[in-house]
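Trainee: Okay, here's the structure, questions in a sec.
The values are calculated or read from the model by the stated rules, or taken from the named source; none is laboratory data. On a predicted model such as this, the values are computed, not experimentally measured, just so you know. Cβ sites come from the backbone with ideal geometry, for glycine too, and all protein chains shown count toward neighbours.
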Amino acid sequence: MTTTNDQFLGGRLTLTQPRTGYRAGSDAVLLAAAVAARPGDRVLDLGCGVGTAGLCLARRLAGIHLTGIDADPGLLTLARQNAAQNDLADGVSFRAADVTDRVPDDFVGAFDHVMANPPYFAAGRAQISPDPRRARSRSDPAGNLAVWVRFAVACLNPTGRMVFIHRRERVEEIAAALAACACRPHIVPLVARPGRPQKRVLIVADKSGEGTATWADPLVVHDETGAYSALFEGVLRHGQGLLV
């Protein structure tokens, strides 16, 4: 596997990832920034890939206990390497597991936070990449979003919280899956500039919460000049929290 070394959080994190196929970007950073963990909390990163979201969180919050899972052994090898080369291996582990399989016994009710960036595109909604890693990370041919939700909820302790980042067009699907698990989603839209359509959303749900979905005002990524807004400059360049 040919790889590159790429910087995140304004150079605070350097990650090795495949040169071709799916490559981590700002969505993983935003996902990590939306997790309101505290030192000592147990955090699970579903479909962790090379560890981008989890390691962004570990860089921001020392003392968390992070577990990342992925079905791709090659990406897990890079995730472990990334943790070590950024001096974040203490309290961080990555293991092979598939979200579409049964929840491991030691995961049930074990985590304070679960975060995920599930595949964005349902069957027939996007061209499938010829690269198998990119296809697996971006495409959801079996319609497994509800499976991701059920897996996440099963892993949370009674007061735990999950955070997903996803496309606006699939919010209703995720909200329905959460409702079936007796969880109420709080949806935070992300827009590129003021007045632009909503394309990405952060979806936050407490395991102990029930009721109708609530919506926050959109968060604006860029100002009128095209520069990052002050909020997103802090998140993407300086590793600050987003919803904390």
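Trainee: Answer with yes or no whether residue 200 is in contact (Cβ under 8 Å) with a residue 40 or more places away in the chain, among the basic types (Lys, Arg) and surrounded by 14 or more Cβ atoms within 10 Å (Cβ to Cβ).
Mentor: Yes.
Trainee: For the subset of segment 25-44 comprising residues that are closer than 30 Å to residue 2 by Cβ and out of contact with any Leu (no Cβ under 7 Å at 6 or more places or on another chain), which member is surrounded by the fewest Cβ atoms within 10 Å (Cβ to Cβ)?
Mentor: Among those that are closer than 30 Å to residue 2 by Cβ and out of contact with any Leu (no Cβ under 7 Å at 6 or more places or on another chain), it is 25.
This table checks each residue for (1) over 18 Å from residue 120 (Cβ atoms); (2) out of contact with any Asp or Glu (no Cβ under 9 Å at 6 or more places or on another chain); (3) among the hydrophobic types (A, V, I, L, M, F, W, C).
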| residue | (1), (2), (3) |
| --- | --- |
| 29 | no, yes, yes |
| 32 | no, no, yes |
| 48 | no, no, yes |
| 59 | yes, yes, no |
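Trainee: Could you tell me which residue of segment 4-22 is surrounded by the fewest Cβ atoms within 10 Å (Cβ to Cβ), considering only residues that are farther than 14 Å from residue 85 by Cα and out of contact with any Ser or Thr (no Cβ under 9 Å at 6 or more places or on another chain)?
Mentor: 10
Trainee: Here is a list: 135, 154. Which entry is at pLDDT 95 or above, surrounded by fewer than 21 Cβ atoms within 10 Å (Cβ to Cβ) and among the hydrophobic types (A, V, I, L, M, F, W, C)?
Mentor: 154
Trainee: Output the residue which, of all residues in segment 104-132 that are polar (S, T, N, Q) and in contact with a helix residue (DSSP H, G or I) (Cβ under 6 Å, 6 or more places away or on another chain), is modelled with the lowest pLDDT. Give the steps one after another, and end with the answer.
Mentor: At the first step, the residues of segment 104-132 found to be polar (S, T, N, Q) are 117, 127, 129.
From what's left, in contact with a helix residue (DSSP H, G or I) (Cβ under 6 Å, 6 or more places away or on another chain): 117, 129.
Working: 117: 95, 129: 48.
Restricting to residues being polar (S, T, N, Q) and in contact with a helix residue (DSSP H, G or I) (Cβ under 6 Å, 6 or more places away or on another chain), the top hit is 129.
Trainee: Then there's this: Quick one: would you say residue 178 is more than 15 Å from residue 210 (Cα to Cα) and without any contact (Cβ under 8 Å) to a residue 40 or more places away in the chain?
Mentor: Numbers: more than 15 Å from residue 210 (Cα to Cα): no; without any contact (Cβ under 8 Å) to a residue 40 or more places away in the chain: yes.
For residue 178, the condition - more than 15 Å from residue 210 (Cα to Cα) and without any contact (Cβ under 8 Å) to a residue 40 or more places away in the chain - is not met.
Trainee: If you don't mind, there's one more thing I want to ask. Is it the case that some residue within segment 172-189 is within 20 Å of residue 38 (Cα to Cα) and among the β-branched types (Val, Ile, Thr)?
Mentor: no
Trainee: Which members of segment 164-174 meet the condition of being buried (at least 19 other Cβ atoms within 10 Å of the Cβ), out of contact with any His (no Cβ under 7 Å at 6 or more places or on another chain) and not basic (Lys, Arg)?
Mentor: If the condition is that a residue be buried (at least 19 other Cβ atoms within 10 Å of the Cβ), out of contact with any His (no Cβ under 7 Å at 6 or more places or on another chain) and not basic (Lys, Arg), then 164, 165, 166, 171 are the ones that fit.
Trainee: While we're looking at this one, here's another question. Tell me which residues, restricted to segment 175-197, are buried (at least 17 other Cβ atoms within 10 Å of the Cβ) and farther than 19 Å from residue 114 by Cβ.
Mentor: Those that are buried (at least 17 other Cβ atoms within 10 Å of the Cβ) and farther than 19 Å from residue 114 by Cβ: 189, 190, 191.
Trainee: Any idea how many residues of segment 94-110 are surrounded by fewer than 13 Cβ atoms within 10 Å (Cβ to Cβ) and not in a loop (DSSP other than H, G, I, E, B)?
Mentor: Total meeting the criteria: 3.
Trainee: So which residues in segment 45-82 are surrounded by 23 or more Cβ atoms within 10 Å (Cβ to Cβ) and either among the charged types (D, E, K, R) or in contact with a Gly (Cβ under 6 Å, 6 or more places away or on another chain) (or both), if there are any at all?
Mentor: The answer is 45, 48, 51, 54, 66, 68, 70, 75, 79, 82.
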